[in-house]
1. Taking strands (runs of 3 or more DSSP E) that do not extend beyond the range 1-76, which have at least 3 residues that are surrounded by fewer than 21 Cβ atoms within 10 Å (Cβ to Cβ)?
2. Kindly list, by first and then second residue, each pair from a residue in the range 204-230 that is over 19 Å from A82 (Cβ atoms) to a residue that is buried (at least 20 other Cβ atoms within 10 Å of the Cβ) and among the hydroxyl-bearing types (S, T, Y), limited to pairs with Cβ atoms under 7 Å and residues at least 6 apart or on different chains.
3. If you take the residues of the range 97-112 that are in contact with a Gly (Cβ under 9 Å, 6 or more places away or on another chain) and surrounded by fewer than 18 Cβ atoms within 10 Å (Cβ to Cβ), which of them is nearest to S34 (Cα to Cα)?
4. Only residues in the range 21-49 that are of a type in the set (S, T, N, Q) count as the first member; pair them with residues that are open to solvent by 50 Å² or more (accessible area, probe 1.4 Å) and at pLDDT below 95, Cβ under 9 angstrom, at least 6 apart or cross-chain, and list the lot.
5. Select the helices (runs of 4 or more DSSP H) contained entirely in the range 104-200, then report the ones holding at least 3 residues which are closer than 28 Å to E66 by Cβ and either touching a residue at least 24 places away in the same chain (Cβ under 8 Å) or of a type in the set (F, W, Y) (or both).
6. Could you check the range 113-127 and list, in sequence order, the residues that are within 19 Å of G153 (Cβ to Cβ) and either loosely packed, with under 15 Cβ neighbours inside 10 Å or touching a strand residue (DSSP E or B) at 6+ places or on another chain (Cβ under 6 Å) (or both)?
7. Can you tell which of K183, K220, K165, K200 is at pLDDT below 95 and either in contact with a strand residue (DSSP E or B) (Cβ under 8 Å, 6 or more places away or on another chain) or surrounded by fewer than 21 Cβ atoms within 10 Å (Cβ to Cβ) (or both)?
8. Considering only residues of the range 77-96 that are of a type in the set (S, T, N, Q) and either assigned to a helix (DSSP H, G or I) or closer than 30 Å to K3 by Cα (or both), which is modelled with the lowest pLDDT?
Amino acid sequence: MNKAVVLSSGGIDSTTCLAVAIQKFGKDNVSTVSIRYGQKHLKELECAKKIAEYYDVPHYELNLSEIFRYSNCSLLKNSTEAIPDKSYAEQIAENGEGKVSTYVPFRNGLMLSAVASLALSIYTNDKIWIYIGAHADDAAGEAYPDCSDIFVGHMSDAIYYGSGKQVEIEAPFVNCNKTEVVKTGLGLKVPYQYTWSCYKGGNEPCHTCGTCIDRENAFKANGVIDPLCKEDK
């Protein structure tokens, strides 16, 4: 039987992936997993759990934070760097192509490997698909190189052969932009009001970090207001 494990950050991309996986396999064949990696706030993990409860699917949490303790990535709580109040496009225009300061070193590679191990443990005899919400906007300009279609393809091959051909990666949006992700999710009635994208935590989004800007623009491009935004934002 086919099973799906969705790598869930509590954000709009992974939550849309969850809706896509449930539509394809049915909720009884889908689980979610979120990761502690030393991020500055845990609100995204709370949202991931709430979303799993909304869809009534099993939810797991893994802790990989110790591995990233040596990184000074601005997204991490031990960092001395501030999270930039600029879009990814602005950061790349200013600094040239290459990883942005919120790139956590090889995070997706590590997470996908950990999720593959978990998936093989909980679905011992099933064919398993790991869903990840990587999309083309994040990969553009090498901002997040571990979101590119090349990376996902090679990582899927490695996991496929390393799991005895039992596990593969499914990245339905790897060649789509965020506007297209939101369009798909709106059609599937994804509960975006329960999601969280802001890198800074808090009670309300900051509206100024790269992920807030991209998120809000994606909703606007679809002619709707982000449910986490007030109408005057």
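The values are calculated or read from the model by the stated rules, or taken from the named source; none is laboratory data. All of these numbers come straight from a predicted model, not from anything done at the bench. All Cβ positions, glycine included, derive from the backbone under ideal geometry; neighbour counts span all protein chains shown. Ligands, DNA and RNA are excluded from the accessible area calculation, which covers all protein heavy atoms including side chains. Shrake-Rupley method; radii C 1.70, N 1.55, O 1.52, S 1.80 Å.
1. Working: elements: 2-7, 30-36, 59-63.
Passing ranges, in order: 59-63.
2. Taking only residues 6 or more apart or on different chains, the pairs are R215/S197; P227/Y192.
3. G98
4. Within 9 Å, the pairs are N29/M1; Q39/K77.
5. Values: elements: 107-122, 136-139, 149-162, 178-187.
Qualifying helices (runs of 4 or more DSSP H): 107-122, 149-162.
6. Kept after step one, since they are within 19 Å of G153 (Cβ to Cβ), are these residues of the range 113-127: 113, 115-116, 119, 127.
Passing the criteria: V115, A116, A119, K127.
7. Residue meeting the stated conditions: K200.
8. Going through the range 77-96, the residues of a type in the set (S, T, N, Q) turn out to be 78-80, 87, 91, 95.
Within this subset, residues satisfying the condition of being either assigned to a helix (DSSP H, G or I) or closer than 30 Å to K3 by Cα (or both) are 91, 95.
Working: Q91: 81, N95: 73.
Per the criteria, the residue is N95.
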